[in-house]
Amino acid sequence: MSQASTEIIKISGHAGTVPGAGLNREFQVCKLVDTTTCIGCKACEVACLEWNGYTFSQTTFANSYQTMPETAWNYWNLIKFNEHERDDGSMMLLMRKDQCMHCEEPGCLEACPADGAIVQYANGIVDFQEAHCIGCGYCVTGCPFNIPKFSPEAHKVFKCTLCNDRVSVGLEPACIKACPTGCLHFGTKSDMKDLAESRAEQLRDVSGFADAGVYDPAGVGGTHVIYVLHDAKNPELYGGLPKDPHIPYSVWLWKKPLKWLGNLAMIGGIVGLALHYLRVGPKREEPIPPEDRGPS
Amino acid sequence: MSTTDTVRRPRTTTDFDEELIPRYSFVERVNHWFGALTYSYCLITGLAFWTPYLYWLAAIVGGGPTARFWHPWFGLFFTVSQFLMFVQWGGDMEMDHDDRVWADNIKAYINNEDDKLPPVGRFNWGQKIYFWAMVGSTILLLLSGFVLWYVEAVPWSFHILRYVAILIHASVALITIGLFLIHVYMSTLLEEGSFASMVYGTVTRAWAWTFHRKWYYQVTGKSRPNQ
């Protein structure tokens, strides 16, 4: 976690062993969102705005409790509501806190052309560095979760930072701090994974949700925000959580084979033209034969 | 005729041969250079966005955000120039039978054995292909470019459009770069007198006779002899 710089490996002039050396410490952070205990109070939405210095935006009413249709450049944390009718006719209000998933293999970072505009820290946080962002919007195309949002005012793209500024000084993210039900947890990836799995097991064994499970999609190498879902087989029910998210194939094609083919072709083309000039030289005008001279 | 002869042959053109005849009007030249400038801007900034190894190119046009801001606008300006070129030259760019024969023998052209080729009108097959490919590419770049320009305006339910647009924009841009390289090489280095013709608007009679014989007959009033 944030304490990477405080773990001591060697000590000068020190007799005996190094206290704490060899301790197996994990630096990967993770946010756990237990959708089964979320009450949709939106305290996380408020805390996110407050900590990050944004004011409330106009809400959009669309026959649900949801604040707006999707996250915005200045609204990084949004609970998505879905009135889901179950097979037995009963209704479930599914609520999922939507924000950046902090993918282990981030599509935004893969797509970004600007040097240093997106960084991935060793603790797993994927952070936008707006000072380097050029506002091209490639990250918008690269993200499988529809998270990066373009600001028409700043001409740059913004998203959840997982409160990197808080985490780096040993605090938990603002949304975690605000949650009144304890459905939000923050800790190391392995701890959160264990907690999530035990909660899912409880839901399966005790609460009768046979398909309960943990959402930590392998297609993006796992995420640093994970969910406990009552129905892990249908994540789409939770405000369109993709079932098998991955870096879009077209982004992969564009950034890998097409890029190298294109670079080779451009270099090859320039070399080829230079060789052509050296081999056959210029085309020069030739004298006009007498029969073609003068107007007829 | 061997390669060496072509390069070293002493010039034996006459004063008559060196007389200038108009080839490109003032408006044609202005539009050509407008297109060249706007394309070059899109090329420099586009290459900066294409690979980190060329990201430094953004610095010479004012930095990444500036490049990103103007790239789509210059793309629109380039589209305007392409539309005007279509109006100016579209008619001259229609393919005829001689062009097809010319294309079948393009190896002779590449080897500077131009005398083995059928006579050429105002534009040769290569120029026509370049023209139509650029017109078509411009349309594709424009359509995909709008998606990339306002990517956040594409609703999530249509986000496949983003994926299609990014591939089309990059692939078509690469095709135009290939064409552009050939165009610049041929008009500045390979075919002497071409660059000057786009600057001054004139060519010598000998140039016209050598490279665009049908056009030479047309503008000088010489009837076309049987080939």
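The values are calculated or read from the model by the stated rules, or taken from the named source; none is laboratory data. Keep in mind it's a predicted model, so treat the numbers as computed, not measured. Here the Cβ is made from the backbone with ideal geometry for all residues, glycine too, and neighbour counts use every protein chain on show.
Inspect all residues belonging to region B:15-27 and state whether any of them is farther than 27 Å from B:THR204 by Cβ, crowded, with 19+ Cβ neighbours inside 10 Å and modelled with pLDDT of 95 or more. No, the conditions are met nowhere in region B:15-27. Screening A:HIS224, A:HIS246 for residues that are more than 30 Å from B:ALA173 (Cα to Cα) and either within 33 Å of the chain's Cα centre (by Cα) or of a type in the set (Val, Ile, Thr) (or both) leaves exactly one candidate, A:HIS224. With respect to the conditions (1) assigned to a loop (DSSP other than H, G, I, E, B); (2) in contact with a Pro (Cβ under 8 Å, 6 or more places away or on another chain), B:PRO119 falls short on a single one, namely (2). Close Cβ contacts (under 8 Å, 6 or more residues apart or on different chains) running from residues in region A:86-97 that are at negative phi to residues that are of a type in the set (A, V, I, L, M, F, W, C) and in a loop (DSSP other than H, G, I, E, B) comprise A:MET95/A:CYS38; A:MET95/A:ILE39; A:ARG96/A:CYS38; A:ARG96/A:LEU241; A:LYS97/A:CYS38. Residues of region A:26-42 that are closer than 29 Å to A:ALA122 by Cα, of a type outside the set (D, E, K, R) and surrounded by fewer than 21 Cβ atoms within 10 Å (Cβ to Cβ): A:PHE27, A:GLN28.
Of the residues A:THR37, A:THR67, A:THR71, A:THR60, which is outside the structural domain of A:TRP254 (by TED's automatic domain parsing), free of Cβ contacts under 8 Å to residues at least 12 places away in the same chain and among the polar types (S, T, N, Q)?
A:THR60
Would you confirm whether any residue within region B:69-76 is touching a Leu at 6+ places or on another chain (Cβ under 8 Å), assigned to a helix (DSSP H, G or I) and under 20 Å from A:LEU109 (Cα atoms)? No: zero hits. Filtered by the rule that a residue be free of Cβ contacts under 8 Å to residues at least 24 places away in the same chain, more than 11 Å from chain B (Cβ to nearest Cβ) and in contact with a helix residue (DSSP H, G or I) (Cβ under 9 Å, 6 or more places away or on another chain), region A:222-255 gives A:ASP231, A:LYS243.
Is it the case that region B:189-206 has a residue that's assigned to a helix (DSSP H, G or I), facing another protein chain (nearest Cβ under 8 Å) and either in contact (Cβ under 8 Å) with a residue 12 or more places away in the chain or among the charged types (D, E, K, R) (or both)? Yes.
Within region A:116-162, which residues are in contact with a Ser or Thr (Cβ under 9 Å, 6 or more places away or on another chain), farther than 13 Å from B:VAL151 by Cα and at the interface with another protein chain (Cβ under 8 Å from one of its Cβ atoms)? A:ILE134, the sole residue that qualifies.
The residue of region A:208-221 that is surrounded by the most Cβ atoms within 10 Å (Cβ to Cβ), among those that are more than 23 Å from the chain's Cα centre (by Cα) and touching a residue at least 40 places away in the same chain (Cβ under 8 Å), is A:ALA212. Report yes if some residue within region B:160-171 is more than 23 Å from B:MET95 (Cβ to Cβ), more than 9 Å from chain A (Cβ to nearest Cβ) and of a type in the set (A, V, I, L, M); otherwise report no. Yes, the conditions are met somewhere in region B:160-171. Please verify whether region A:273-282 includes one or more residues that are more than 26 Å from B:GLU192 (Cβ to Cβ), assigned to a helix (DSSP H, G or I), facing chain B (nearest Cβ under 7 Å) and modelled with pLDDT of 95 or more. No, the conditions are met nowhere in region A:273-282.
When the residues of region B:78-122 are narrowed to those that are of a type in the set (A, V, I, L, M, F, W, C) and buried (at least 18 other Cβ atoms within 10 Å of the Cβ), which ends up nearest to B:CYS42 (Cα to Cα)?
Step by step, filter region B:78-122, then rank; the result is B:PHE78.
Restricting attention to region A:171-198, report how many residues are in contact with a strand residue (DSSP E or B) (Cβ under 9 Å, 6 or more places away or on another chain), outside any loop (DSSP other than H, G, I, E, B) and acidic (Asp, Glu). Within region A:171-198, residues that are in contact with a strand residue (DSSP E or B) (Cβ under 9 Å, 6 or more places away or on another chain), outside any loop (DSSP other than H, G, I, E, B) and acidic (Asp, Glu) number 2. Any idea which residue in region B:161-174 is farthest from A:LYS156 (Cα to Cα), counting only those that are surrounded by 17 or more Cβ atoms within 10 Å (Cβ to Cβ) and of a type in the set (Val, Ile, Thr)? If we take residues in region B:161-174 being surrounded by 17 or more Cβ atoms within 10 Å (Cβ to Cβ) and of a type in the set (Val, Ile, Thr), then B:VAL172 is farthest from A:LYS156 (Cα to Cα). When the residues of region A:102-139 are filtered to those that are under 10 Å from the mean Cα position of the chain (by Cα) and over 19 Å from A:PRO173 (Cα atoms), which remaining residue is surrounded by the fewest Cβ atoms within 10 Å (Cβ to Cβ)? Selected residue: A:GLU105. From the list B:PHE195, B:PHE180, B:PHE158, the lone residue that is surrounded by fewer than 17 Cβ atoms within 10 Å (Cβ to Cβ), within 14 Å of the chain's Cα centre (by Cα) and among the hydrophobic types (A, V, I, L, M, F, W, C) is B:PHE195. If the condition is being under 22 Å from A:ASP34 (Cβ atoms), assigned to a strand (DSSP E or B), in contact with a helix residue (DSSP H, G or I) (Cβ under 7 Å, 6 or more places away or on another chain) and not hydrophobic (A, V, I, L, M, F, W, C), then region A:81-138 contributes A:ASN82, A:HIS84, A:LYS97.
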